[in-house]
Amino acid sequence: MDKFVIRGGNPLRGTVRISGAKNSALPCMAAALLTDHEIALDNIPHVRDIETEKRLLTSMGAEVRIGTGEASNCTTICCRNLSDPVAQYEIVKTMRASSLVLGPLVARMGLARVAIPGGCAIGGRPIDLHIKGLEKMGATIEQAHGYIEARASKLKGTHLVFDKITVTGTEDLLMAAVLAEGESVMENCAREPEVVDLAALLVAMGAQIEGAGTSTIRVQGVKSLHGAHHRIIPDRIEAGTFLIAGAITCGDLIIAECNPDHIRAVIGKAEEAGARIDVLSAHSVRVQSDGPLRAADISTEEYPGFPTDMQAQYMALATQAEGVSGIKENIFENRFMHVQELVRMGANIRVDGRTATVRGPSRLSAAAVMCSDLRASASLVLAALVADGESILDRVYHMDRGYERIEEKLRNVGAEIERLGNVFAPRPAEARAK
Ligand code: EPZ
């Protein structure tokens, strides 16, 4: 298992370039199932979840070529010859976002067999709202042997109100609605930038969508969709993670190729906690130390509130802030797996249900710690960057799911970080071409 060795104490200085958003790339790649024409995507991040998505689509008969990232070399997906509308458990169990193929498969092929994604470290992660929406569109759903089987000769537009705001639920049903017969009105939708990015791709493919990014999305179903070439938005969670990295190490970091508008809540909290943040342009933000860090409470909310995917990273910052910070996790039922590892490094954190109380500042001492999920891993990296001594982080494959070349990016701005074990790097383009 891969490990990181991180020696703390260096302020991060310089410029870091943000990669494309994993959580936009995943639905956009699934959108290729909706057409028999080729979809071309720029700015796809080279992370483990994208490799998993490629395996998933390829297993159904799609042709997927992950681009190298150079301008002329984008990622292409062609689902002309779909042979097998099945998302195997072996793949789904490693990435629950595989459920994003459910809506497009039913819309395109009238049939989908998708393994029910198990829970994960942060919660039960049900997809009941995805299923309820498809049933409302006329699909018949059967569940047996750990799989969902959805069938529909032709989905019908409908008026649905999500019981809870769900990001992939909104994306899944948006992809179902674009080929449904008639109009769909979906209310209480997720407003995340990744939903807006998916809608932009679908419109480029010929879909008729209004209201993406608001709570109410209207779709006029069309008979078919054509190909499109689309650039994935920057990863706002990676940008937020590096913003916290600059603040926690009292550095001076420019975060380039990001979208400051997508991280307003994180910028606001970092400023409240005492960091100095300057929005330099529509694509870059600068974070500098501006004196000691101060405690500030957060409560995770759906976008545009403070993102749950930044809660663990903020907690690391709070351990270095003067005072008591209250951290309320409203989205997932078990997203404090990083707490015990931070406590082992010397943090003073108490958890009561969905609220963690952090007393700081604490001098963190380097330790051997264990990564449990994607964002908990990021939290432990941030803590190790300020801990005195050399920390060993185990199971960093969790981090490789959503952060591209993270150790290289950190080293380039002054961190002392090494990877022990096999570097996760996508196979060279020529190998992929075979
Ligand atoms: C997306 O997950 C993201 N993943 C998550 O990012 C992110 O944490 C989450 O949205 C919240 O922002 C991708 O986009 C691939 P939800 P998703 O459906 O869609 C409940 C990361 O770190 N719910 O918005 O699975 C659910 O249990 C990952 O990159 C139902 O009850 O999250 C949760 O409590 C982690 N029934 C709440 O809604 C459903 O059918 C929000 O979940 C669906 C969701």
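The values are calculated or read from the model by the stated rules, or taken from the named source; none is laboratory data. The shown structure was predicted, so the numbers you read here are calculated from the model rather than taken from an experiment. Neighbour counts run over all protein chains shown; Cβ positions are idealised from the backbone, glycine included. When the accessible area is computed, the model is the full protein with side chains, heavy atoms only, and any ligands, DNA or RNA have been set aside. Shrake-Rupley method; radii C 1.70, N 1.55, O 1.52, S 1.80 Å.
When only residues in the range 132-147 that are part of a helix (DSSP H, G or I) and in contact (Cβ under 8 Å) with a residue 24 or more places away in the chain count, which is farthest from the ligand (Cβ to nearest atom)?
That would be Lys136.
Checking the conditions here, which among Ser372, Ser377 is within 28 Å of Ile417 (Cβ to Cβ), within 16 Å of the ligand (Cβ to nearest atom), modelled with pLDDT under 95 and surrounded by 16 or more Cβ atoms within 10 Å (Cβ to Cβ)?
Numbers: Ser377 fails: modelled with pLDDT under 95.
Result of the check over Ser372, Ser377: Ser372.
For the range 54-95, what are the residues that are basic (Lys, Arg) and open to solvent by 40 Å² or more (accessible area, probe 1.4 Å)?
Matches in the range 54-95: Arg55, Arg65, Arg80, Lys93.
Is there any pair linking a residue in the range 353-368 that is over 23 Å from Asp388 (Cβ atoms) to one that is buried (at least 17 other Cβ atoms within 10 Å of the Cβ) and among the acidic types (Asp, Glu), with Cβ under 8 Å and at least six apart or on different chains, and which?
Arg354/Glu329; Thr355/Glu329; Ala356/Glu329
Just to verify a result, which residue in the range 380-403, among those that are assigned to a loop (DSSP other than H, G, I, E, B) and open to solvent by less than 20 Å² (accessible area, probe 1.4 Å), is nearest to Met337 (Cα to Cα)? Give the derivation first.
Going through the range 380-403, the residues assigned to a loop (DSSP other than H, G, I, E, B) turn out to be 387, 389, 395-396, 401-403.
Then keep just the ones that are open to solvent by less than 20 Å² (accessible area, probe 1.4 Å); that gives 387, 396, 402-403.
Working: Ala387: 19, Val396: 15, Gly402: 17, Tyr403: 19 Å.
Only one residue fits best here, namely Val396.
Given the conditions (1) more than 16 Å from Gly274 (Cα to Cα); (2) in contact with a Gly (Cβ under 6 Å, 6 or more places away or on another chain), report the number of the one that Ala321 does not fulfil.
(1)
If you scan the range 6-18, which residues turn out to be open to solvent by less than 10 Å² (accessible area, probe 1.4 Å) and either β-branched (Val, Ile, Thr) or under 13 Å from Arg231 (Cα atoms) (or both)?
Once the filter is applied, which keeps residues that are open to solvent by less than 10 Å² (accessible area, probe 1.4 Å) and either β-branched (Val, Ile, Thr) or under 13 Å from Arg231 (Cα atoms) (or both), the range 6-18 yields Ile6, Val16, Ile18.
Give me a count of the residues in the range 108-129 that are more than 9 Å from the ligand (Cβ to nearest atom) and assigned to a strand (DSSP E or B).
Qualifying residue count for the region: 5.
Considering only the range 19-31, how many residues are closer than 27 Å to Met109 by Cβ, in contact (Cβ under 8 Å) with a residue 60 or more places away in the chain and open to solvent by less than 10 Å² (accessible area, probe 1.4 Å)?
The total comes to 7.
Any chance you could count how many residues in the range 266-277 are surrounded by fewer than 20 Cβ atoms within 10 Å (Cβ to Cβ) and basic (Lys, Arg)?
Qualifying residue count for the region: 1.
Report the residue count in the range 148-169 for those that are within 13 Å of the ligand (Cβ to nearest atom), out of contact with any Gly (no Cβ under 9 Å at 6 or more places or on another chain) and under 27 Å from Ile209 (Cα atoms).
6
Which condition number does Glu51 fail, the rest of (1) surrounded by 24 or more Cβ atoms within 10 Å (Cβ to Cβ); (2) away from the ligand (no atom under 14 Å from the Cβ) being met?
Among (1) surrounded by 24 or more Cβ atoms within 10 Å (Cβ to Cβ); (2) away from the ligand (no atom under 14 Å from the Cβ), the lone unmet condition for Glu51 is (1).
Here are some residues: Val195, Val167, Val161. Which one is under 18 Å from the mean Cα position of the chain (by Cα) and surrounded by fewer than 23 Cβ atoms within 10 Å (Cβ to Cβ)?
Working: Val195 fails: surrounded by fewer than 23 Cβ atoms within 10 Å (Cβ to Cβ); Val161 fails: under 18 Å from the mean Cα position of the chain (by Cα).
It is Val167.
On the basis of being more than 16 Å from the ligand (Cβ to nearest atom) and surrounded by 20 or more Cβ atoms within 10 Å (Cβ to Cβ), does Leu100 make the cut?
Numbers: more than 16 Å from the ligand (Cβ to nearest atom): no; surrounded by 20 or more Cβ atoms within 10 Å (Cβ to Cβ): yes.
For Leu100, the condition - more than 16 Å from the ligand (Cβ to nearest atom) and surrounded by 20 or more Cβ atoms within 10 Å (Cβ to Cβ) - is not met.
From the list Ala150, Ala121, Ala204, which one is crowded, with 20+ Cβ neighbours inside 10 Å and in contact (Cβ under 8 Å) with a residue 12 or more places away in the chain?
Exactly one residue qualifies, and that residue is Ala150.
Can you pull out the residues in the range 336-363 that are touching a helix residue (DSSP H, G or I) at 6+ places or on another chain (Cβ under 6 Å), open to solvent by 20 Å² or more (accessible area, probe 1.4 Å) and not in a strand (DSSP E or B)?
Result: Met337, Glu341.
I'm told Leu105 meets every condition in (1) in a helix (DSSP H, G or I); (2) more than 13 Å from the ligand (Cβ to nearest atom); (3) surrounded by fewer than 19 Cβ atoms within 10 Å (Cβ to Cβ) except one. Can you identify the failing condition by its number?
Unmet condition: (3).
Among the strands (runs of 3 or more DSSP E) lying completely within the range 1-93, list those that include at least 2 residues that are within 22 Å of Pro234 (Cβ to Cβ).
Because the criterion is at least 2 residues that are within 22 Å of Pro234 (Cβ to Cβ), the strands (runs of 3 or more DSSP E) in the range 1-93 that meet it are 13-17, 38-42, 75-78.
Please identify the pairs in which a residue from the range 82-102 that is under 23 Å from Thr170 (Cβ atoms) has its Cβ atom under 7 Å from the Cβ atom of a residue that is basic (Lys, Arg) and part of a loop (DSSP other than H, G, I, E, B), counting only partners at least 6 apart or on another chain.
Arg96/Arg125
Of all residues in the range 278-334, count the ones that are in a strand (DSSP E or B), within 16 Å of the ligand (Cβ to nearest atom) and open to solvent by 20 Å² or more (accessible area, probe 1.4 Å).
Counting residues in the range 278-334 that are in a strand (DSSP E or B), within 16 Å of the ligand (Cβ to nearest atom) and open to solvent by 20 Å² or more (accessible area, probe 1.4 Å) gives 2.
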